[in-house]
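What follows is a single structure, written as structure tokens, with notes after it.
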Amino acid sequence: MSAIVLKGMTWSHPRGYDPMVACSRVWKEQTGVEIIWDKRSLQDFESYPVEQLAREYDLIVIDHPHVGEITAQACLTPLDVAGRERERDALAAASIGGSYPSYSWEGRQWAFPIDAAAQVQAWRPDLLGAAPLSWGSVMDLAKQGRVMLPMRPPHSLMCLYTLAANLGTPCTTQGPGDLISTPHGVKVYALVSELVTQCTPDCFDMDPIAVLDRMSRTDSEIACAPLIYGYVNYGVSGFRDRRIAFADIPVAGQLGPSGSALGGTGIAVSAFSKQAGAAIDFAYWIASGEVQRGLFARAGGQPGHAAGWEDDAVNAATNRFYVNTRATLDNAWTRPRHQGYMEFQENASQRLNAGLQAGEAGAPVIADISRLFAESFS
């Protein structure tokens, strides 16, 4: 009998790739099943069609807003297989915020969270005494040229989402209809516009990795990124020139650090895999608390299981990344996930950036984004 060899696709960053390789090495020692991992850019991860990947790979690391499309395309195998209910109940109970249910759609579980993230705040402890607590304090820093915001699509739209929810006027996840009312949308647009005018123009070409890389340089004057997807690696001593600390998002409204746009990744199994059973076994194992708090975290991963977030050793090694951002994650907002959403996300981000870069008023930009949202349900 020939050995089982699976192919996996993840995303191209140490946080996304290294733990998959490390865990797969141990899995092979334990089971004899080999998994060979490829990686794609963050931009591809956020936009590339899952259906095409499912035809080439057995295991795929996905983003939860894809679930509506992958359900309609029938390209993934549901993970809620019979006989493993207790394992799934344990995973659901250990969800960081809405991470576990974000991969549920139409009554099935399409992935397990292996990486939990949301927009949090990054700051340089050697340049600031403490992380700003309010949006007003962020603006004070921005006027000194010390703030950067990642605005490369889709991250600009994520900033709009986070601020809208934090102000108590979250964007809707249902449609068709307006994404957000024009008056509320204009208010949020104004906050984003006011901040980005204080950032260097290349912020529109920067994703979170680019911002964090710039922040962590020895000569960087950027002391704060108030809305940015957390990357635990930058909190580890020696990962970059300067260590970055992470904190809850600064508050723009009256609801505390709530409403951040949920991110993270989940492990999924292709519907076209000829070894689906072996792939599902690996998915259950790598998402488990024991692996997430141990091997996965030690290899540079950012766990999607509460056991990893609450582990003292894991927090000590990462400048307390998990403890210091947990409130934001627990109160995060989950994006729409319907079929058609991914195209909307790209188009809306482009429209938002065009308006911001041209100095447009908020009303026509918000109106266009709401129109695009309504059309995404047709």
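The table below lists the values:
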quantity: Approximate spin-label separation D140-R240, in nm, with each point projected 7 Å along Cα-to-Cβ; calculated: 2.5 nm
quantity: Radius 15 Å from Cβ of E87, net charge of other residues (Lys, Arg +1; Asp, Glu -1); calculated: -2
quantity: Computed lengthening from E85 to R108, 0.36 nm per intervening residue step minus Cα-Cα distance; calculated: 7.0 nm
quantity: Computed [θ] at 222 nm, helices only, for the chain once each DSSP H run of length n ≥ 4 contributes -39500 (n - 2.57); calculated: -12000 deg cm²/dmol
quantity: The chain: angle of helix 155-166 to the longest principal axis, Cα-based, in degrees nearest 10; calculated: 80 degrees
quantity: GNM result for the chain, Cα springs below 10 Å: residue of D89, D248, D38 fluctuating most strongly; calculated: D89
quantity: Burial ranking of peptide ranges 67-76, 266-275 (average Cβ count within 10 Å, highest at the top); calculated: 266-275, 67-76
quantity: 0 to 90° range, to nearest 10: angle between helix 341-358 axis and the chain longest Cα axis; calculated: 20 degrees
quantity: Anisotropy class of the chain from Cα gyration tensor, a/c 1.5 cut; calculated: oblate
quantity: Per the chain, cysteines lacking a partner by the 4.7 Å Cβ criterion; calculated: C23, C75, C159, C171, C224
quantity: Contour excess over end-to-end distance, with Cα ends at R298 and A317 and 0.36 nm allotted per residue; calculated: 5.9 nm
quantity: For the chain: relative contact order, % (alpha-carbon pairs under 8 angstrom, 6 or more apart); calculated: 28 percent
quantity: Distance between region 301-378 and region 217-262 - C-alpha centres, whole angstrom; calculated: 15 Å
quantity: Separation in nanometres of the label points that stand 7 Å from Cα toward Cβ, at L128 and E56; calculated: 4.0 nm
quantity: Contour minus Cα-Cα distance for T200 and A74 (0.36 nm per residue); calculated: 41.0 nm
quantity: Estimated dipole of the chain in Debye, rounded to 20 [Cβ of Lys and Arg +1, of Asp and Glu -1, Cα centre]; calculated: 420 debye
quantity: Two-site label geometry, A363 and E221: point separation in nm, points 7 Å out along Cα→Cβ; calculated: 3.7 nm
quantity: GNM result for the chain, Cα springs below 10 Å: residue of Q119, Q357, Q292 fluctuating most strongly; calculated: Q357
quantity: Positive-end residue of A117, G294, I180, charge dipole of the chain with Cβ unit charges; calculated: G294
quantity: Nearest 10 degrees, 0 to 90: helix 321-330 Cα axis against the chain principal axis; calculated: 80 degrees
quantity: Spatially proximal lysines relative to K274 (Cα-Cα < 29 Å; intrachain offsets below 8 disregarded); calculated: K7, K28, K39
quantity: Antiparallel DSSP beta bridges within the chain, percent to nearest 5; calculated: 60 percent
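Rule-based calculations on the coordinates, nothing more; no lab input. Given the structure is predicted, the values throughout are model-derived calculations rather than measurements. As a convention, Cβ positions derive from the backbone with ideal geometry for all residues, glycine included, and neighbour counts pool all protein chains shown.
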